[in-house]
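Engineer: I am attaching a structure below and will ask some questions about it afterwards.
The values are calculated or read from the model by the stated rules, or taken from the named source; none is laboratory data. Remember, it's a predicted structure, so these values are computed and weren't measured experimentally. Here the Cβ positions follow ideal geometry from the backbone for every residue, glycine too, while neighbour counts run over all protein chains shown.
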């Protein structure tokens, strides 16, 4: 081989390897058909992961720590006391904070408390009581929800209690890193008990809490667009409560998401809207308020362009002005100019049943089929106007697994956004990486092929740990492993 040709090949391989580097943990057998994981973060000691068989990871949980090289430091079971449920877990600079709940039979109250673990996941000191709640009935084991902000300065706690006339109280409490309560609010929701849900919760580094809720207005007819109302609630650090109603009288809203803009001091909320049904979408709802004085900046509808509808559903639907079906929003990435980029996909769950006979006796089996289709990317400017749109072909389906290997994950860098998903359409499959550049172009590459090893990632359980690192659970040759990707 000619020397210059060999040098060119080596340089080419070097460029490929430098684009992203991967490190794998040791492979192990799946404990079950699927192994549910929650990557809770990292500190100087390593990467911490919770694992278990249950989808919610509330009991019988295993905690693991991995070194930077993805070698396993330890894997141990968390203490599993009867009646105690794990609510959430967070990584501290020198250990972990395990938020847990239980029912106290003496006080007949639900208790939320924190256990501090050292870096080796061993209990450190006494438990820290946080708050109590009145159970709604004899079977209520609590609905505590806890999250923190990206800067790890504050926690926000949510839970509900029974209110008069069949309503519910929504409790919002904000705590600092010493688990001291900063603000607290108890508000009656306008919806019937158990007929509203928490869509998303955020807290900023100043201790302001933001809660997206949706609920059923049971007094209205089922065909009324506003029957399912969407609200943004704000509890600021001065303990002042704000309530914003996001619906328009003639539109259905579906799948609201929000993001906090620290550069432009805004809160942005988006949802898909339709004039016909919550399963359809004609565009996005754009709602923006100031985080300085909580005044409204704008509240508008952003219709899909004809070209976008054509790329998704074809020429006939575009010509007829039709709406798109079975789309949901997944993520929002803010831009420094006040605009943002939305990521969504086609998604539906169908129920199938089959009747068969055993010894002449009819038996019925059922299954849930999870179907994930095309990905869409929409850019909205600071004035709420659609700038451009991209469509990525994707087709995924699975049965009775909550779409474990389906959907996609994104990785945000300063100058690009990576979109990763399992490809089941083209050739032998593999893991695809689409890169959205600053010039709004998309580049495609095969991140993992299946020529030597069969690899599938678990997109919904991935986590971006810092500006350059993504940690993803995977199935590699039908064995479980974590992969760390450095972009």
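Engineer: Those residues that are under 18 Å from residue 472 (Cβ atoms), in contact with a strand residue (DSSP E or B) (Cβ under 7 Å, 6 or more places away or on another chain) and assigned to a loop (DSSP other than H, G, I, E, B), I need them from the range 69-79; list them, please. Lay out the reasoning, then the answer.
Structural biologist: Looking only at the range 69-79, we keep the residues that are under 18 Å from residue 472 (Cβ atoms), and these are 69-72.
Still in the list and also in contact with a strand residue (DSSP E or B) (Cβ under 7 Å, 6 or more places away or on another chain): 69-70, 72.
Listed by number, the residues that qualify are 69, 70.
Engineer: Looking only at the range 394-405, count every residue that is assigned to a loop (DSSP other than H, G, I, E, B) and within 15 Å of residue 347 (Cβ to Cβ) and tell me the total. Can you show your working first?
Structural biologist: Looking only at the range 394-405, we keep the residues that are assigned to a loop (DSSP other than H, G, I, E, B), and these are 394-395, 400-405.
In the following step, the residues that additionally are within 15 Å of residue 347 (Cβ to Cβ) were identified as 394-395, 401-405.
Selection size over the range 394-405: 7.
Engineer: Is the range 219-233 home to any residue that is at pLDDT below 95, surrounded by fewer than 17 Cβ atoms within 10 Å (Cβ to Cβ), closer than 25 Å to residue 169 by Cβ and in contact with a helix residue (DSSP H, G or I) (Cβ under 8 Å, 6 or more places away or on another chain)?
Structural biologist: Checking the range 219-233: at least one residue is at pLDDT below 95, surrounded by fewer than 17 Cβ atoms within 10 Å (Cβ to Cβ), closer than 25 Å to residue 169 by Cβ and in contact with a helix residue (DSSP H, G or I) (Cβ under 8 Å, 6 or more places away or on another chain).
Engineer: Could you list all residues from the range 244-263 that are free of Cβ contacts under 8 Å to residues at least 24 places away in the same chain and surrounded by fewer than 18 Cβ atoms within 10 Å (Cβ to Cβ)?
Structural biologist: 245
Engineer: Within the range 49-67, can you find the residues that are modelled with pLDDT under 95, in a loop (DSSP other than H, G, I, E, B) and under 20 Å from residue 463 (Cα atoms)?
Structural biologist: Answer for the range 49-67, where residues must be modelled with pLDDT under 95, in a loop (DSSP other than H, G, I, E, B) and under 20 Å from residue 463 (Cα atoms): 53, 54, 55, 56, 57, 58, 61.
Engineer: Just to be sure before I move on: is residue 391 touching a residue at least 24 places away in the same chain (Cβ under 8 Å), touching a helix residue (DSSP H, G or I) at 6+ places or on another chain (Cβ under 6 Å) and in a strand (DSSP E or B) in the structure I sent?
Structural biologist: Against the criterion (touching a residue at least 24 places away in the same chain (Cβ under 8 Å), touching a helix residue (DSSP H, G or I) at 6+ places or on another chain (Cβ under 6 Å) and in a strand (DSSP E or B)), residue 391 qualifies.
Engineer: Residue under question is residue 420, and the condition is that it be buried (at least 17 other Cβ atoms within 10 Å of the Cβ), modelled with pLDDT of 95 or more, at negative phi and more than 18 Å from the chain's Cα centre (by Cα); does it hold?
Structural biologist: Spelling it out, it is not the case that residue 420 is buried (at least 17 other Cβ atoms within 10 Å of the Cβ), modelled with pLDDT of 95 or more, at negative phi and more than 18 Å from the chain's Cα centre (by Cα).
Engineer: Going through the range 80-120 one residue at a time, which ones are assigned to a loop (DSSP other than H, G, I, E, B) and within 26 Å of the chain's Cα centre (by Cα)?
Structural biologist: Across the range 80-120, the qualifying residue is only 93.
Engineer: Can you find a residue that is within 27 Å of residue 381 (Cβ to Cβ) and touching a helix residue (DSSP H, G or I) at 6+ places or on another chain (Cβ under 6 Å) anywhere in the range 251-274?
Structural biologist: Looking for residues that are within 27 Å of residue 381 (Cβ to Cβ) and touching a helix residue (DSSP H, G or I) at 6+ places or on another chain (Cβ under 6 Å), one finds at least one in the range 251-274, hence yes.
Engineer: When only residues in the range 121-151 that are surrounded by 15 or more Cβ atoms within 10 Å (Cβ to Cβ) and assigned to a loop (DSSP other than H, G, I, E, B) count, which is modelled with the lowest pLDDT?
Structural biologist: Result: 140.
Engineer: Suppose the filter is touching a helix residue (DSSP H, G or I) at 6+ places or on another chain (Cβ under 7 Å) and in the same structural domain as residue 384 (by TED's automatic domain parsing); does residue 317 pass it?
Structural biologist: The answer is yes for residue 317.
Engineer: Quick one: which residue in 352, 315 is free of Cβ contacts under 8 Å to residues at least 24 places away in the same chain and either closer than 30 Å to residue 20 by Cα or out of contact with any strand residue (DSSP E or B) (no Cβ under 6 Å at 6 or more places or on another chain) (or both)?
Structural biologist: After ruling out the rest, the residue left standing is 315.
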